Amino acid sequence: MNKIKSVIIIILFLGLSSCDDDFLDVTPSNSGDASTSIQTLADAKVMLTGIMSNMTSSNYYGRNFILYGDAKGGDLTTFSMGRGLDGLYSFNHSPTSGSYSGFWNSIYNSILQTNNLIVNIERLEEAGVEANFDDVKGQALTARALMYFDLVRIYGKPYSYDKESYGVPNILVPLDALEQPLRATVATNYNQIITDLTNAQPLLSKSKTNGYLNYYANLAIQARVYLNMGQYPDALTAAEEIIDSGVYSLYSNNEWVDSWTGQFGSESIFELAILPSEADLGNSSLSVYLRRAGHQSSSAIGQFIASDYYLNRLGEDPNDVRFGVLSYDEVSATHMGASYKYSGDIALSGDGKSTTTAVNIKVIRLSEIYLIAAEAAFHSDKDLAATYLNEIRKRAPDLAPATDGTITIDMILDEKSKELFTEGQRFFDLLRLNKQITFNDDLGGVPISTRAKTIDRSFYKTILPISQEEINANPEIGNQQNPEY
């Protein structure tokens, strides 16, 4: 399907305003004539494509959400402040400044489109339209679950910490333009996420669908969610079904580095397409934000580099294949802090498109599923946990394999850090497990006054504030502001 054409049609269907508008003020996508938006299965597919495209926004998977997870988790640091998005690293947040409200606005914009799609499909099904909407509906439900999962982790406390605290508004239907929904609890959000995933699962195809969600992507999101809830048997069941299916396969050590130069590889369970003519952020892309300052572009100013803590972890084995996507940064010729996953490789080859910054976002890879299986199994069968962990640990060929006597949760977390570096995971893992986060502030002599060098999840700025703009549009939600903001 032509994605450029699909986005144009999405705009015609929904009259979408900018993703930077307040989500309650996105009147066309809430109160437009949704009853005439979708008449056929082809219409529904076009709208689904538009939703997938919107998920590549710079305020979501296209850039900021990925950086959020690593800059706040201690795996990234900055050599100098003022280079862009450094508030993520310094935790310089308030309702009026540095609220990063783009997360709220962009993700809710996509949720409201998804709600319109689901409601219209159900209308057509009830009307007896002769078309099988199952797969599209299943993808929409799964996408909504993923978006709510991401939102509640940004704005709500970890489920394991305080599930009765405020999460995010749980909006499941198109809204009247005057409605002002309030925040649900974290538990309510998670219950809805599981409901959406469970309802979607039997509707989805088990075939690989490049750029879209399928049955196994749904299971992968279930595994993530159950792990965050501490429901380890459910997380293990979901992860093992994916692993045992044989639909996806791990990259060998010889394949791992080159895998970033290709699209939709054997590990990709859910990968969002970035097209040069549509979602390519160019000089504002992850490619440019993470590469070495000055590399091929004056816009590359080295916003974020690997922390010493990450490099020491990876350096437990100097022959770890994952060094292959790192290069030196401005610290020194031997400080391998520049990440090139989103450039294809160190030579900036991209992943086969006309621009080297239009590199797909690998949202969920099979490697993560093995690591989820390892952590989930750890609580009941350490030998099984070691088996899953070693499938990823062998990317460091000189490290001794884990055994049931040596494996620990920290070993699994360290391996996850090594494997999923710059894929937006570390911060959320440390929060849910109540681990301390220490920042490499001294690498460039960066003074940080808005947080301590070491924090844990009790620090109030580990969740974002509701922005003042949102409170102005919906005054009652101001009474539900996150504590200490």
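For the reader, a short list of remarks on this structure follows.
- Residues (β-branched (V, I, T) and surrounded by fewer than 18 Cβ atoms within 10 Å (Cβ to Cβ)) located in the stretch 302-345: T334
- Looking at I448, I471, just one residue is surrounded by fewer than 20 Cβ atoms within 10 Å (Cβ to Cβ), in contact with a Ser or Thr (Cβ under 9 Å, 6 or more places away or on another chain), among the aliphatic types (A, V, I, L, M) and in contact (Cβ under 8 Å) with a residue 60 or more places away in the chain, and that residue is I448.
- Qualifying position, being farther than 14 Å from N92 by Cα, outside the structural domain of L311 (by TED's automatic domain parsing) and hydrophobic (A, V, I, L, M, F, W, C), among I477, I463: I477
- Subset of the stretch 365-419 [basic (K, R), touching a residue at least 24 places away in the same chain (Cβ under 8 Å) and in a helix (DSSP H, G or I)]: K382, K416, K418
- Search result, residues across the stretch 162-186 that are surrounded by 17 or more Cβ atoms within 10 Å (Cβ to Cβ) and within 22 Å of the chain's Cα centre (by Cα): K163, Y166, G167, V168, P169, N170, I171, R183, A184, T185, V186
- No other residue among P465, P483 is touching a residue at least 12 places away in the same chain (Cβ under 8 Å), surrounded by 14 or more Cβ atoms within 10 Å (Cβ to Cβ) and of a type outside the set (A, V, I, L, M, F, W, C) apart from P465.
- Counting residues in the stretch 60-70 that are of a type in the set (D, E, K, R), in contact with a strand residue (DSSP E or B) (Cβ under 7 Å, 6 or more places away or on another chain), at pLDDT 95 or above and buried (at least 23 other Cβ atoms within 10 Å of the Cβ) gives one or more.
- Screening M81 against (1) closer than 25 Å to R432 by Cβ; (2) of a type in the set (A, V, I, L, M, F, W, C); (3) not assigned by TED's automatic domain parsing to the domain that holds P483 leaves a single unmet condition, (1).
Residue-by-condition table, conditions (1) within 30 Å of A400 (Cα to Cα); (2) among the basic types (K, R); (3) in a helix (DSSP H, G or I):
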residue	(1), (2), (3)
G265	yes, no, no
E278	no, no, no
L311	yes, no, yes
F323	yes, no, yes
V363	yes, no, no
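- Only listed residue being under 17 Å from M52 (Cα atoms) and of a type in the set (A, V, I, L, M, F, W, C), chosen from L172, L213: L213
- Scanning the stretch 173-214 for residues that are among the charged types (D, E, K, R) and modelled with pLDDT under 95 yields a count of 3.
The values are calculated or read from the model by the stated rules, or taken from the named source; none is laboratory data. Since this is a predicted model, take the numbers as computed values, not measurements. Cβ: placed from backbone, ideal geometry, glycine included. Neighbour counts: every protein chain shown.
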